[in-house]
Amino acid sequence: MLDTYSFNDILFKKSNTFCFDSESFRYLIARKNRIEFDDYQKDEYKRSWITSVNETNRLIQYICNELKPCLQKSWMSIEHAQFQINRMIRPILETIKNTMRNLILLDKSSSKSLIKLCPSPVDRNSATCTKCSHSPILCGEFWITRYDLHNLSDRCSQCECDFSRHFKVNYVLKYELCDKKQKPSFHDMKRNLEQLTQIIIQFAYFYKYLVHIATGNDPILSVLNRMIKEEKSICSQKGNQNLNANLYDNLKSFKNEYEEAWSMSMSNPKTITLPEIYKLIKTVSENREISEQLSIIKQMEDIYMNEQEKLIQ
């Protein structure tokens, strides 16, 4: 009879079926509400608890001794892919933005240095406020917004701005100048930029057709808009005669290309499969600058998980 309830290669049999009696849990709730029981009822609940304990031990033994692990590398799901892409959005866009900076510098024959991204970890509750003023710093020939980190829990400890004005950060970027010879050529950078912009557009199709996110909730566009706003603010403060004006124009052009691809897909839907998305995720992960940022994010996630495990213990 049990065999008739088996599913594919998962057998339904006594050895992998576990019974947990709810009576003991009901007893605990009842006692918490000061309900009294006679000795016979207490004995029944005691036997129920012992049954559940034995079944729990049997389940743990079964998991440890009988089951084979399912390797994460073989997982494919929309939710898992979405989790991976969500982590990548800022690293990809920061890399695109910095590549644009360096292409502008390479286009200037007088420029001898390029800009390198240097990610570093932050406290878990770190956030930045988009309403508070932030002073840009000069790195070579580019002004770069330096965000003051706020500590965000139930409320911000540094400002009185609305909670919605803050966005959490899981790493900060510092910037270093490096010699041109230590970086890829102009054409290699150009090719890398084109590849990343096309991948981010493919991720937009993923959000639209597989996750079914509306344009107004697009997480990619949200980060991109914030970057454009940063450059606009710098141009307002420092004038339009610096290289940030070129970067501002490039970011706006990229946004137009992104939005055009999104709107064109309304009339001409794009087909994208989950295996294709995973290939793109792998390609992005192999980019050195993106990989370094993802490594810091993973480091912060591991710290958080360890903290939670200690709390549970």
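Table for the structure above
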{"quantity": "Percent breakdown of C-alpha pair distances by 10 Å bin, ordered from the shortest bin, for the chain", "calculated": "5, 18, 25, 19, 13, 10, 7, 3, 0, 0"}
{"quantity": "Cα centroid separation, region 136-199 to region 224-275 (Å)", "calculated": "15 Å"}
{"quantity": "Most mobile of Tyr40, Tyr175, Tyr205 in a GNM of the chain (Cα contacts under 10 Å)", "calculated": "Tyr40"}
{"quantity": "Two-decimal Rg/Rh across region 111-244, once Rg and the Kirkwood Rh are taken from alpha-carbon atoms", "calculated": "1.00"}
{"quantity": "Cα→Cβ-extended label distance, 7 Å offset, between Thr271 and Glu194, nm", "calculated": "2.6 nm"}
{"quantity": "Diffusion constant of region 21-69 at 25 °C, which comes from Stokes-Einstein with the Kirkwood Cα-pair radius and 0.890 mPa s, µm²/s", "calculated": "200 µm²/s"}
{"quantity": "Residue among Lys181, Lys252, Lys298 with the largest mean-square fluctuation in a Gaussian network model of the chain, springs linking Cα atoms under 10 Å", "calculated": "Lys181"}
{"quantity": "Reach of Lys32 by Cα under 20 Å, taken over aspartates and glutamates that are not fewer than 8 positions away in the same chain", "calculated": "Asp21, Glu23, Asp43, Glu44"}
{"quantity": "Qualifying aspartates and glutamates (Cα of each under 12 Å from Cα of Lys112; at least 8 residues distant if same chain)", "calculated": "Glu141, Asp179"}
{"quantity": "Set of aspartates and glutamates with alpha-carbon distance to Lys282 below 20 Å, sequence-local pairs under 8 removed", "calculated": "Glu79, Glu94, Asp188, Glu194, Glu292, Glu301"}
{"quantity": "Spin-label model distance (nm) - Ser120 vs Glu79, 7 Å beyond Cα toward Cβ", "calculated": "3.7 nm"}
{"quantity": "Cross-link table Lys174/Lys232; Lys190/Lys279; Lys108/Lys270; Lys116/Lys238; Lys181/Lys232, entries beyond 27 Å C-alpha to C-alpha", "calculated": "Lys108/Lys270; Lys181/Lys232"}
{"quantity": "Cut-off 11 Å between beta-carbons: net charge of the residues surrounding Gln202, Lys and Arg +1, Asp and Glu -1", "calculated": "+2"}
{"quantity": "Coarse-grained scattering of region 162-201 at q = 0.23, 0.31, 0.32 Å⁻¹, given as base-10 log I(q)/I(0) from a Debye sum over alpha-carbon atoms", "calculated": "-0.90, -0.96, -0.97"}
{"quantity": "Residue with peak Gaussian network fluctuation, the chain [Cα springs, cutoff 10 Å], from Ile228, Ile92, Ile29", "calculated": "Ile29"}
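Just so you know, all these numbers are worked out from the coordinates, no wet-lab data involved. Worth saying up front: this structure is predicted, and the values here are computed from it rather than measured. No Cβ is skipped: glycine too gets one built from the backbone with ideal geometry, and neighbour counts run over all protein chains shown.
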